[in-house]
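Remarks on the structure that follows.
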Amino acid sequence: MKLIQRIGYYLGGFSLGLIILAFFLSGKKTSCSYGPEARVLKNINSKTLEYTDDVLLIMQDKNIDSITIKHVLLKGDINFSNNKTEPRKAPCGTYYIQNDFNENPIALVVENCDSTATLLNLYIE
């Protein structure tokens with residue numbers, strides 16, 4: 001068997017495998033979150049989100065709803081240099097998450113514990 005035939009069989013099988021994989025995985029909620037930022041955001045979004053009283057007052061004052069907060073938590077960027085995770089409290093870590101919503105930069109300070117995530121502060125820059 002010539003090299004060209006081997007490459008043809010390989011590419012044919014490989015493309016058929018990709019098509020089958022795309023067919024089987026198209027309806028499933030599969031994700032590929034291997035980076036540290038993606039893992040933390042996925043972990044925070046999988047928990048119930050609680051708000052402190054100060055954050056609720058800021059949200060009422062600035063007309064921000066929970067959908068905006070969820071958008072920032074889903075699409076935001078974690079600023080690891082601004083986090084206070086070095087002297088980490090036993091089960092909780094505090095993360096500084098930034099994103100733009102309707103061209104307004106929003107920053108959240110979230111405390112990520114074992115069963116809940118608490119929104120400690122909200123900054124609209």
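Before moving on, here are some points about what is shown:
- Residue in segment 1-13 that is under 20 Å from the mean Cα position of the chain (by Cα) and farther than 17 Å from residue 108 by Cβ present: no
Residues are listed down the side, and each one gets a yes or a no for (1) outside the structural domain of residue 96 (by TED's automatic domain parsing); (2) at pLDDT below 90:
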position	(1), (2)
3	yes, no
17	yes, no
69	no, no
81	no, yes
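- Qualifying residue in segment 100-108 (condition: within 15 Å of the chain's Cα centre (by Cα), modelled with pLDDT under 90 and either among the β-branched types (Val, Ile, Thr) or in a loop (DSSP other than H, G, I, E, B) (or both)): no
- Output for segment 113-125, where each listed residue is surrounded by fewer than 18 Cβ atoms within 10 Å (Cβ to Cβ) and part of a strand (DSSP E or B): 116, 120, 121, 123, 124
The values are calculated or read from the model by the stated rules, or taken from the named source; none is laboratory data. This structure is a prediction, so every number in the text was calculated from the model and none was measured. Every residue, glycine as well, gets a Cβ built from its backbone with ideal geometry; the counts of neighbours run over all protein chains shown.
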